[in-house]
Amino acid sequence: MESMPIMLVALYVFVLATLAGKEVITKVPPTLHTPLMSGANAISGIALIGALIVSAEAEMAREPVVVILGLVSIIFASINVVGGFLVTDRMLEMFKKK
Amino acid sequence: MNLVTQFAYLVSALLFVVGLKQLSSPATARKGNVMASAAMLLAIVVTLVEQDVLTWTWIVTGIIIGSLIGATAARMVKMTSMPEMVGIFNGFGGGASALVAGAEFVRLQPFGVLPLGQGSTIMLGMLIGGVTFSGSVVAFGKLAGWITGNPVTNKFLQAVTALIFVGLLGVGTYIAVQDPSMVLFLVFIAAALILGILLVNAIGGADMPVAISLLNSYSGLAASAAGFILGNMILIIAGALVGAAGLILTNLMCKAMNRSLANVMFGGFGTEGATAASIGAGDKTARSVDAEGAAMILAYCQSVVVVPGYGLAVAQAQHDLKKLCDLLEERGVDVKFAVHPVAGRMPGHMNVLLAEADVPYNQLYDLEEINDQFKDTDVALIVGANDVVNPDARKPDSVIAGMPILDVDYARNVIIMKRSLSPGFAGIDNPLFYMDKTMMFFGSAKPSMQDLVREVREM
């Protein structure tokens, strides 16, 4: 069997991950919807990985515009990741049982 | 890409899914969040190792600046301002993905026509990321009260929005398959940003919970698109998880308001502080009660269900409410909280605000859990809520017909703490106010609540 083109593999992964996400997240109770959203928010900071790859490539290509785009992207994504996970933890810490 | 990195990404993806799964119970949720952060850290570390970065200056600078801003914001933000925080953070996530798409475009553009896969996903990532970024900034502005909460929309703006969207698809396709021109690309970016502004500006302030849920979903999809561009699986997976989460929350919010997503986005509803010129109390009379009377009823009953609305949080009265509930429980009264899905300004917001006031989470009940119990409840105490307890929602000809409500009118007594008889967001009268079993306790939430606490304590 010939190996599938990367884009097609990526599409498989995307569809299956969406379904997995739907299954897992549907079970989150309304009480936790705000932490769920801010946690998911932090996860969307995964764009940081993309920003790092682009920045590393840019160094090798010695392309100043790309370096700047990469830097801003890293800053944005880091705010998202660090702020998102910390504030989610801060909220979850307050949820106590009697 | 080497095998070790791929394997580490797989572990990271698993941790993300398991971490989200742990979020389904308050007992394990904190651990789940830690797991997801570990997943992120793992992905970051293996990426840096694999890339053999030559100079670390920019990367380290970027991470430090971003982390400091993020950590400060997370520490300082008030719980009432969570919607603003999540709103603007969506924008950062979407913006980061858009910048990745932009950087890849700049890098590949000098080599002529883009490879089909990259070309189409770069344009898609730029579109979703751009809309998420500018839309989130507008959502933040509306939530923070910097710009008008009223929906800015009309036939002309709707036509412009549609035109820009079609234009983006056309120009995007052209850039992707024909001519990767830098000028066209810049036009495309500007148009995507304008589209985001127009889309979110058309949504009313009261409907922002739906908007930020949807933007949350987009920020995930933008990250997925960046993953397609770079052929990076962890970006695709994590992005898809967020995309799914945002979409589920968007649906739940629409259902709780009994509106379709299209109606929320283009209907122009959700005007804040709806005027109610046409509404008069007519010949209906509402019975009012003072702090002493209300305290008497509460202190000598057996069961109370508290229905908190956002008015409670605005008045910062949740801590006094908690004191009242503690006093009642000491007297042997069974106290529960009924939380409507749209009680706060984002999904689950009211639960966080009550948790902040040390209300234990097993005392908080969802709409479905509590509605059967109202008929066995002595007193329903409603604080700063209105539309979500309007029995007219059961009438087919009402504006809010079909909206799921808390069945407080089935309780034996109803006490409503409210400033006046004025209507809520929906701008309609509430017959609950005029029922025989209802007592209106007029006043601002915080001083009224403090009076109530004092009266119950003296009893």
Extending each Cα 7 Å along its Cβ direction at B:Lys437 and B:Glu292, get the distance between those two points in nm, one decimal.
2.7 nm
What list of ³J(HN,Hα) values in whole Hz, one per residue of the range B:379-391 in order, does the Karplus curve 6.51 cos²θ - 1.76 cosθ + 1.60 (θ = phi - 60°) give from phi, with Gly and Pro shown as x?
9, 9, 9, 9, 10, x, 10, 9, 4, 6, 10, 8, x
Within 10 Å of each Cβ in B:245-251, how many Cβ atoms from other chains are there, averaged over the peptide?
6
Put one equal scatterer on each alpha carbon of the range B:79-266, apply the Debye formula with no solvent term, and list log10 I(q)/I(0) at q = 0.09, 0.16, 0.17, 0.18 1/Å to two decimals.
-0.32, -0.95, -1.06, -1.15
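Which values, in whole Å and largest first, are the semi-axes of the equivalent ellipsoid of the protein assembly as shown obtained as the square root of 5 times each eigenvalue of the Cα gyration tensor?
Numbers: eigenvalues 443, 129, 66 Å².
Each semi-axis is the square root of five times an eigenvalue, giving 47, 25, 18 Å.
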Rg to Rh for the range B:105-192: what is it, with Cα atoms only and Rh by Kirkwood?
1.08
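Find the all-direction average of the projected area of the Cα convex hull for the range B:291-458, expressing the result in square nanometres with one decimal place. Please report the intermediate quantities before stating the final value.
Numbers: hull surface 34.6 nm².
Its Cα hull, projected and averaged over all orientations, spans 8.7 nm².
Per residue of B:77-88, count partner chain C-beta atoms within 10 Å of its C-beta, then hand back the mean as an integer. Numbers along the way, then the final one.
On the way: counts 4, 0, 5, 0, 0, 6, 2, 0, 5, 10, 1, 3.
Partner-chain Cβ atoms within 10 Å, mean over residues of B:77-88: 3.
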Angle between the Cα long axis of helix B:82-108 and the longest principal axis of chain B, 0 to 90 degrees, nearest 10?
10 degrees
Taking θ as phi - 60°, what are the ³J(HN,Hα) couplings along the range A:26-43 by the Karplus curve (6.51, -1.76, 1.60), each to the nearest whole Hz, with x for Gly and Pro?
4, 7, 6, x, x, 3, 9, 5, 5, x, 4, 5, 6, x, 4, 4, 4, 5
Translational diffusion coefficient (Stokes-Einstein; Kirkwood radius from C-alpha pairs) of the range B:41-162 at 37 °C, 0.692 mPa s, in µm²/s:
188 µm²/s
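Heavy atoms only, probe 1.4 angstrom, no DNA, RNA or ligands counted: give me B:Asp376, B:Asp179, B:Asp366 ranked by accessible area, highest first.
Details: B:Asp376 95, B:Asp179 60, B:Asp366 25 Å².
The residues order as B:Asp376, B:Asp179, B:Asp366, largest area first.
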How many nm separate the modelled label positions at B:Val314 and B:Asp372, each set 7 Å beyond the Cα in the direction of the Cβ?
3.5 nm
Grab the beta carbon distance between B:Thr72 and B:Lys395, set R0 = 60 Å, and tell me the FRET efficiency rounded to 0.05.
0.75
Rg and Dmax [Cα atoms of chain B; Å; Rg one decimal, Dmax integer]
25.4, 83
State, as an integer percentage, the relative contact order of chain A based on alpha-carbon contacts under 8 Å between residues 6 or more apart.
32 percent
Could you tell me what fraction of 2.2 N^0.38 Å the Cα radius of gyration of the range B:1-88 comes to, as a two-decimal ratio?
1.33
Using 0.36 nm per residue of separation minus the Cα-Cα distance, give me the extension gain between B:Gln450 and B:Ser81 in nm, one decimal.
130.4 nm
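Taking only DSSP H segments of four or more residues, each worth -39500 (n - 2.57), what value at 222 nm results for the protein assembly as shown once the sum is divided by all its residues, to the nearest 500 deg cm²/dmol? Working shown, then result.
On the way: 21 runs with 340 residues, N = 557.
One gets -20500 deg cm²/dmol as the mean residue ellipticity at 222 nm.
Net charge within 11 Å of A:Gly70 by Cβ-Cβ distance, Lys/Arg positive one each and Asp/Glu negative one each, not counting A:Gly70 itself?
Surrounding charge for A:Gly70 is -3.
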Expressed in whole Å with the largest first, what are the equivalent ellipsoid semi-axes of chain A derived from the C-alpha gyration tensor as the square root of 5 times each eigenvalue?
32, 24, 7
Inter-chain shielding metric for B:194-200, i.e. average beta-carbon neighbours from other chains within 10 angstrom, reads 0
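Taking loop as defined by DSSP and a crowding limit of 11 other beta carbons within 10 Å, which GluC sites (Glu not before Pro) in the range A:1-93 fit?
On the way: sites: A:Glu2, A:Glu23, A:Glu57, A:Glu59, A:Glu93; in loops: A:Glu2.
Here the GluC sites (Glu not before Pro) that fit, given the DSSP loop and packing criteria, are A:Glu2.
The values are calculated or read from the model by the stated rules, or taken from the named source; none is laboratory data. Nothing here was measured: the structure is a model prediction, and the numbers come from that model. Note that each Cβ is placed from the backbone with ideal geometry, even for glycine, and that neighbours are counted across all protein chains shown. With ligands, DNA and RNA removed, areas are computed over all heavy atoms of the protein, side chains included. Shrake-Rupley method; radii C 1.70, N 1.55, O 1.52, S 1.80 Å.
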